[in-house]
Amino acid sequence: MTTATDVPVRRRGVLRAVLATARGRITAGFLLLLFACCLLAPVIAPADPLHQNLQEILRTPSGAHWLGTDSLGRDVLSRLLYGGRSSIVGILEGVAAQLVVAVPLGVATGYLGGRFDRFVMRLADIVMSVPVIVILLAILAIFDHSIAAAMITLGVLGASGMMRIIRGTAMTVRQELYVSAAELLGLSRTQIIFRHILPRCRGVIIVQTSLFAALAIGIQTGLTFLGLGPPPPAATWGGMVNEAATTLSTQPWLLAPSGGLIALTVLALGVLGDTVRDVTAQNHTSSGGLRVKPARRRPDVAQAPVPEGTALLSVRDLSVSFLTPRGEVEVLTGVGFDLDAGQTLGLVGESGSGKSVTARAVLGLLEANGAVTGGSVIFDGRDLTRATRRQLAALRGTRIALISQEPMVALDPSFRIGSQLSEIVRSHARLSREAARRRVLELMEMVELPDPEEMAKRYPFQISGGMAQRVAIAAALAGSPDLLIADEPTTALDVTVQADVLALLRRLQRETGMAVLLVTHDWGVVADICTHVAVMYAGQVVEQAPVEQVFGAPAHPYTAALMASSPEKAPRRTPIDAIAGAVPPPGAHPDGCRFRDRCALSAAECADDDIPLVRLNEERVSRCIRTELLQAQP
Amino acid sequence: MKGTATAEEAAELTVSDLVVDYPIGRRRHRRAVDGVSLSVPAGRAVGLVGESGSGKSSVAKAVLGMAPLSAGRITYGTTVLNDLRGPARPQDIQVVFQDPYSSLDPTKTIGYTLQEPLRAHCARTGRSLSAAARDELVRAMLAKVGLPAGTAERYPAQFSGGQRQRISIARALILQPRLLICDEAVSALDLSIQAQILNLLLELHLELGLSLLFITHDLSVVNHVAEDLVVMFRGRVMESGSAELVYRQPQHPYTRQLVMSAPMQDLEAQRARRERREALALPPARQAPLGEACPFAHRCPFAVDRCRSERPLLRSAPLGGQVACHLAGELPPWSDEHTQPREATGSTTSCP
Ligand SMILES: Nc1ncnc2c1ncn2[C@@H]1O[C@H](COP(=O)(O)OP(=O)(O)O)[C@@H](O)[C@H]1O
Ligand code: SF4
Ligand code: SF4
Ligand SMILES: [Mg+2]
């Protein structure tokens with residue numbers, strides 16, 4: 001049994017992941033230190049915050065007063081610490097109030113939905129629309145300048161924003177199939193909320209809390225600055241800023257400690273929130289958010305070997321590497337095949353065997369972290385691996401075209417089908433608007449789109465997947481290509497639609513004589529439309545031959561095993577000849593024959609060396625040293 | 001019916017005249033299932049086929065209490081499932097979904113995911129199960145679906161699609177259900193992995209007498225697993241009957257089109273299928289009929305006037321099974337030697 005990764009990596013908790021980043025360590029450390037110092041103010045403060053000394057007013061920092069003194073000669077550091085104490089308590093009260101309101105309501109509305117959700121959301125809309133400052137002023141008037149009352153009110157009023165975000169997350173998680181599975185297995189709603197919904201909301205809750213804390217500090221400072229908080233001489237950060245402002249002309253330094261600390265605290269909370277957001281986003285993507293650089297491009301060695309033969313496309317010894325979190329891995333090793341005008345070559349193999357990378361490498365469309373590290377792609381006598389970006393772009397769409405599994409993603413949802421096709425047509429030839437329109441209708445008729453005039457006026461979301469694939473084919477045909485590369489063009493379609501699209505491809509090929517490179521995992525599709533097959537495994541071509549020969553008798557154990565895996569090939573309701581295990585991830589295949597640990601015919605000699613392609617006849621190669629055993633089998 | 005020793009506690013699932021409407025916007029709805037009836041007798045494997053949007057998944061969701069029921073009745077044995085939700089539902093019915101990625105909670109270990117239902121079950125029934133006994137059950141279940149014991153300590157992100165599907169099956173089986181609903185459970189998998197999972201499901205079905213409601217768009221897959229087939233189109237049942245009959249002697253024009261469209265892994269057979277399909281020049285795509293008409297009339301090569309004004313009811317067909325077509329029994333005979341059995345499996349159907 002092979003597993004996706006070899007080392008059991010444990011998922012990290014949010015906290016640990018945050019602390020693993022420098023930003024996270026610095027901001028969390030700063031906030032923790034501030035928190036501890038303020039709480040311990042009575043113990044560590046060098047002086048009584050209320051003790052006045054009119055002999056020593058407005059001093060700059062000194063040994064006795066580390067941060068100087070204010071206009072009444074009080075120690076600024078001590079006042080900051082005591083003031084911070086009341087600020088922190090106020091913020092904690094506000095945060096607690098917000099969490100108590102927002103978390104239960106957010107999770108409940110998001111998970112339960114229905115009438116309760118509508119009622120709460122209506123209420124939240126109303127709360128959102130009340131002027132917060134007016135309410136706060138009223139509360140301060142009623143509760144006799146109690147910052148606690150003001151912060152709790154702020155927390156409750158601010159809860160609607162947090163609630164919405166938690167609700168959104170809970171709604172997403174509710175759609176996950178594992179929540180349905182848990183319901184079916186008899187878990188109660190409460191259990192599901194605590195075990196499956198809340199853990200996924202943890203990230204957004206932390207982010208929102210730190211953002212709210214930053215906001216609350218600002219508002220609290222503002223209120224005390226305006227003298228709406230506890231009356232002097234009590235120490236508050238806002239009050240200190242206020243005092244500093246009044247003496248700004250005589251002693252500007254006084255603004256630095258209070259203003260600076262407030263700014264730093266707000267900044268730290270904001271950055272911490274951001275860090276948590278980044279970290280939780282990463283935890284759910286497999287790449288770990290790694291930023292990737294392109295793999296080294298191969299040094300420009302002597303000219304590529306002169307292409308043998310006269311094939312339209314001839315891929316020779318093509319190797320491709322990607323830079324991944326685990327370093328550089330080779331995903332294609334010495335891939336080669338030929339394709340002539342009028343032929344259709346099927347690239348077959350399990351996912352992960354390198355079919356799509358091959359197709360993209362031919363087009364020069366590898367992702368940014370991948371590169372051709374060896375070999376050549378000779379198209380019509382030119383090596384495309386040496387072509388410039390601009391030369392490749394000019395070839396694509398005109399002489400080589402591409403259609404993919406998801407035609408919808410290639411279409412821009414905000415433009416009509418007709419105008420998108422028209423733009424493509426006009427990029428190939430300078431045509432008048434009217435001529436382009438005629439050409440578009442002609443293309444749409446060619447791909448058998450019903451009622452082209454009407455269809456041209458539709459937007460992509462107004463057509464079905466099968467129609468979208470026809471539009472994509474029409475776009476591909478706009479430049480009259482010699483080579484069409486089709487990556488699983490019918491996999492996402494229903495069988496009846498798939499049959500129509502295959503029939504269309506066959507007709508177009510007959511009419512235009514273009515060559516088709518078809519990536520598929522479906523032997524039925526190969527039987528229907530291909531003239532040749534190249535079977536790929538773990539980044540190599542293991543067998544290549546005309547379809548008649550492959551379907552007649554596979555010459556590689558992998559081809560044979562893959563064909564036997566089809567339910568069509570086993571009697572009804574009996575075990576299918578499944579291949580054990582799975583395709584090894586790139587770079588993790590065994591030495592010698594890469595198929596060795598799944599091969600029914602493997603022997604000791606298969607482990608010795610890389611297995612070369614063996615030529616079996618004019619048109620057929622196989623990468624197996626025991627292939628004659630296979631052909632001897634019934 | 002295939003009687004297996006352990007089937008005594010299993011019960012029959014019956015769905016009668018099911019209608020499912022999804023609300024879209026205010027006061028509007030979309031009918032996904034329009035009067036569907038089917039049954040899964042205890043220990044039997046029933047396949048539900050049709051193209052995307054035909055309402056297959058909505059039938060499954062209705063049975064699982066996850067879709068709004070506008071009409072109809074769903075029973076499991078003597079229990080009416082219509083309004084049962086959450087822990088009140090019998091845990092005898094479990095499901096494996098298509099998407100192996102969203103099926104597992106990324107924040108929980110596999111062990112936790114498999115233990116959770118056991119704990120909830122004990123809490124509900126007041127039984128106690130020691131941690132060691134639970135661990136043992138989990139290990140045994142992982143072994144049964146072909147995963148190593150070390151699996152329990154790992155997180156979903158460390159497994160491939162096929163392995164996740166095995167884990168989903170293990171979770172579905174941990175409370176020893178009697179009926180497993182597989183909604184496109186192998187559709188996202190590679191041919192070789194699909195074969196492994198099909199073998200596992202068949203083994204569980206044949207050895208434990210687990211009933212299967214097997215939903216897929218893939219005829220070759222469903223024909224391999226199912227004893228009975230139900231073919232759906234636009235929310236209605238078009239044809240039903242024994243799988244061998246429906247697959248080999250399709251009597252409904254839609255079923256025939258499905259069979260002819262599925263490409264076969266054989267050059268000769270596929271060429272023959274393709275030619276048959278081309279010969280039946282299909283009418284150009286037209287607007288789908290609404291209201292009282294055959295839902296297939298716009299794509300049917302045999303449609304007559306009556307088809308556009310009268311909805312055909314599901315009725316017994318000449319060769320057996322049931323078909324919803326005005327021309328049932330009057331269509332040209334079907335001969336596709338490639339859908340004939342590959343060899344004698346001992347099962348015989350009476351097709352003239
Ligand atoms: N939650 C939903 N809201 C609105 N429409 C839905 C919803 N789920 C399914 N549908 C619609 O119901 C129809 C049947 O869907 P479904 O049962 O998923 O079909 P299948 O499983 O055969 O693909 C489709 O037209 C689909 O768009
Ligand atoms: S070389 Fe050996 S291991 Fe590889 S496919 Fe041939 S027989 Fe199997
Ligand atoms: S009722 Fe008419 S339209 Fe419908 S399937 Fe039968 S022949 Fe075709
Ligand atoms: Mg579905």
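The values are calculated or read from the model by the stated rules, or taken from the named source; none is laboratory data. Every value quoted in this text rests on a predicted model; they were computed, and no experiment measured them. Don't worry about glycine lacking a Cβ; one is built from the backbone with ideal geometry, like all the others, and counts go over all protein chains shown. Accessible surface is based on the protein model in full, side chains and every heavy atom, while ligands, DNA and RNA are left aside. Shrake-Rupley method; radii C 1.70, N 1.55, O 1.52, S 1.80 Å.
Please enumerate the residues belonging to the range A:231-246 that are surrounded by 12 or more Cβ atoms within 10 Å (Cβ to Cβ) and either in a helix (DSSP H, G or I) or at pLDDT 85 or above (or both). Steps first, answer last, please.
The initial filter retains those residues of the range A:231-246 that are surrounded by 12 or more Cβ atoms within 10 Å (Cβ to Cβ), namely A:232-245.
If the condition is that a residue be surrounded by 12 or more Cβ atoms within 10 Å (Cβ to Cβ) and either in a helix (DSSP H, G or I) or at pLDDT 85 or above (or both), then A:Trp237, A:Gly238, A:Gly239, A:Met240, A:Val241, A:Asn242, A:Glu243, A:Ala244, A:Ala245 are the ones that fit.
Which residue out of A:Met563, A:Met536 is under 27 Å from B:Gly162 (Cα atoms) and in a helix (DSSP H, G or I)?
Step by step, each of A:Met563, A:Met536 is checked, and only A:Met563 is under 27 Å from B:Gly162 (Cα atoms) and in a helix (DSSP H, G or I).
Identify, from the list A:Ser565, A:Ser622, the residue that is among the polar types (S, T, N, Q) and closer than 19 Å to A:Ser351 by Cβ.
Values: A:Ser622 fails: closer than 19 Å to A:Ser351 by Cβ.
That would be A:Ser565, the only listed residue that is among the polar types (S, T, N, Q) and closer than 19 Å to A:Ser351 by Cβ.
Go through the residues of the range A:611-622 one by one and say whether even a single one is within 11 Å of ligand 2 (Cβ to nearest atom), within 27 Å of A:Ser314 (Cα to Cα) and assigned to a loop (DSSP other than H, G, I, E, B).
Checked the range A:611-622: at least one residue is within 11 Å of ligand 2 (Cβ to nearest atom), within 27 Å of A:Ser314 (Cα to Cα) and assigned to a loop (DSSP other than H, G, I, E, B).
Please list, ordered by residue number, the helices (runs of 4 or more DSSP H) wholly in the range B:104-187 having 3 or more residues that are at pLDDT below 90 and either within 16 Å of ligand 2 (Cβ to nearest atom) or more than 28 Å from the chain's Cα centre (by Cα) (or both).
Working: elements: B:110-125, B:131-144, B:161-173.
The qualifying helices (runs of 4 or more DSSP H) are B:110-125, B:131-144.
With respect to A:Ala476, determine if the residue is within 14 Å of chain B (Cβ to nearest Cβ) and either of a type in the set (S, T, N, Q) or assigned to a helix (DSSP H, G or I) (or both).
Against the criterion (within 14 Å of chain B (Cβ to nearest Cβ) and either of a type in the set (S, T, N, Q) or assigned to a helix (DSSP H, G or I) (or both)), A:Ala476 does not qualify.
Which residues, taken from the range A:482-503, are modelled with pLDDT under 85, within 8 Å of another protein chain (Cβ to nearest Cβ) and open to solvent by less than 10 Å² (accessible area, probe 1.4 Å)?
A:Thr496, the sole residue that qualifies.
Collect the residues in the range B:171-201 that are in contact with a His (Cβ under 9 Å, 6 or more places away or on another chain), of a type outside the set (D, E, K, R) and free of Cβ contacts under 8 Å to residues at least 40 places away in the same chain, keeping them in residue-number order.
Of everything in the range B:171-201, those that are in contact with a His (Cβ under 9 Å, 6 or more places away or on another chain), of a type outside the set (D, E, K, R) and free of Cβ contacts under 8 Å to residues at least 40 places away in the same chain turn out to be B:Leu191, B:Leu198.
What's the number of the only condition in (1) open to solvent by 20 Å² or more (accessible area, probe 1.4 Å); (2) within 28 Å of the chain's Cα centre (by Cα) that A:Ile463 fails to meet?
(1)
I'm checking my understanding of the structure. Among residues of the range B:62-79 that are modelled with pLDDT of 90 or more and either assigned to a helix (DSSP H, G or I) or open to solvent by 40 Å² or more (accessible area, probe 1.4 Å) (or both), which one is nearest to ligand 1 (Cβ to nearest atom)?
Here the residue is B:Ala62.
Restricting to the range A:421-472, give me the number of residues that are touching a residue at least 40 places away in the same chain (Cβ under 8 Å), of a type in the set (A, V, I, L, M) and part of a helix (DSSP H, G or I).
Residues in the range A:421-472 being touching a residue at least 40 places away in the same chain (Cβ under 8 Å), of a type in the set (A, V, I, L, M) and part of a helix (DSSP H, G or I): 8 in total.
Restricting attention to the range A:177-195, report how many residues are facing chain B (nearest Cβ under 9 Å), open to solvent by 10 Å² or more (accessible area, probe 1.4 Å) and assigned to a helix (DSSP H, G or I).
Number satisfying all stated conditions: 6.
Yes or no: B:Gly162 facing chain A (nearest Cβ under 7 Å), over 26 Å from B:Val259 (Cβ atoms) and touching a residue at least 40 places away in the same chain (Cβ under 8 Å)?
yes
If a residue counts only when it is in contact (Cβ under 8 Å) with a residue 60 or more places away in the chain and under 26 Å from the mean Cα position of the chain (by Cα), which helices (runs of 4 or more DSSP H) contained entirely in the range B:237-317 have at least 3 such residues?
In the range B:237-317, B:243-248, B:253-261 are the helices (runs of 4 or more DSSP H) which contain 3 or more residues that are in contact (Cβ under 8 Å) with a residue 60 or more places away in the chain and under 26 Å from the mean Cα position of the chain (by Cα).
Exactly one of these conditions fails for A:Gly370: (1) more than 21 Å from A:Val471 (Cα to Cα); (2) surrounded by fewer than 17 Cβ atoms within 10 Å (Cβ to Cβ). Give me its number.
Single failed check for A:Gly370: (2).
Working only within the range B:25-61, note down all residues that are within 14 Å of chain A (Cβ to nearest Cβ), within 12 Å of ligand 1 (Cβ to nearest atom) and of a type outside the set (Gly, Ala, Ser).
Passing the criteria: B:Val49, B:Glu51, B:Lys56, B:Lys61.
Return only the number of the condition from (1) open to solvent by 10 Å² or more (accessible area, probe 1.4 Å); (2) touching a Leu at 6+ places or on another chain (Cβ under 6 Å); (3) within 16 Å of ligand 1 (Cβ to nearest atom) that B:Ile215 does not satisfy.
(1)
Go through the range B:107-159 residue by residue and tally those that are open to solvent by 20 Å² or more (accessible area, probe 1.4 Å), closer than 17 Å to A:Gly581 by Cα and in contact (Cβ under 8 Å) with a residue 12 or more places away in the chain.
Adding up the residues that qualify gives 2.
Assuming B:His252 fulfils every condition listed in (1) closer than 24 Å to B:Ala32 by Cα; (2) surrounded by 24 or more Cβ atoms within 10 Å (Cβ to Cβ); (3) more than 16 Å from ligand 3 (Cβ to nearest atom) apart from one, which condition is it?
(3)
For the range B:219-236, name all the residues that are in a helix (DSSP H, G or I) and open to solvent by less than 10 Å² (accessible area, probe 1.4 Å).
B:Val221, B:Val222, B:His224, B:Val225
From (1) part of a strand (DSSP E or B); (2) out of contact with any Ser or Thr (no Cβ under 7 Å at 6 or more places or on another chain), pick out the condition that doesn't hold for B:Asp21.
Result: B:Asp21 fails condition (2) only.
For B:Gly321, all conditions in the list (1) more than 26 Å from the chain's Cα centre (by Cα); (2) open to solvent by 20 Å² or more (accessible area, probe 1.4 Å); (3) at pLDDT 80 or above hold save one; what is the number of the exception?
(1)
Taking the range A:537-555 as the search range and keeping residues that are under 21 Å from A:Pro585 (Cα atoms) and within 12 Å of ligand 2 (Cβ to nearest atom), which one is surrounded by the fewest Cβ atoms within 10 Å (Cβ to Cβ)?
The residue in question is A:Gln540.
A quick yes/no check of all residues on (1) modelled with pLDDT under 85; (2) under 22 Å from A:Ile485 (Cα atoms); (3) surrounded by 20 or more Cβ atoms within 10 Å (Cβ to Cβ); (4) under 34 Å from the mean Cα position of the chain (by Cα):
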position: A:Asp412; (1), (2), (3), (4): yes, yes, no, yes
position: A:Arg416; (1), (2), (3), (4): no, no, no, yes
position: A:His428; (1), (2), (3), (4): yes, yes, no, yes
position: A:Met446; (1), (2), (3), (4): yes, yes, no, no
position: A:Gln469; (1), (2), (3), (4): yes, yes, yes, yes
position: A:Ala475; (1), (2), (3), (4): no, yes, yes, yes
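Give the residue, chosen from A:Leu392, A:Leu384, A:Leu421, A:Leu402, that is crowded, with 21+ Cβ neighbours inside 10 Å and over 22 Å from A:Pro489 (Cα atoms).
Criteria check complete, one pass: A:Leu384.
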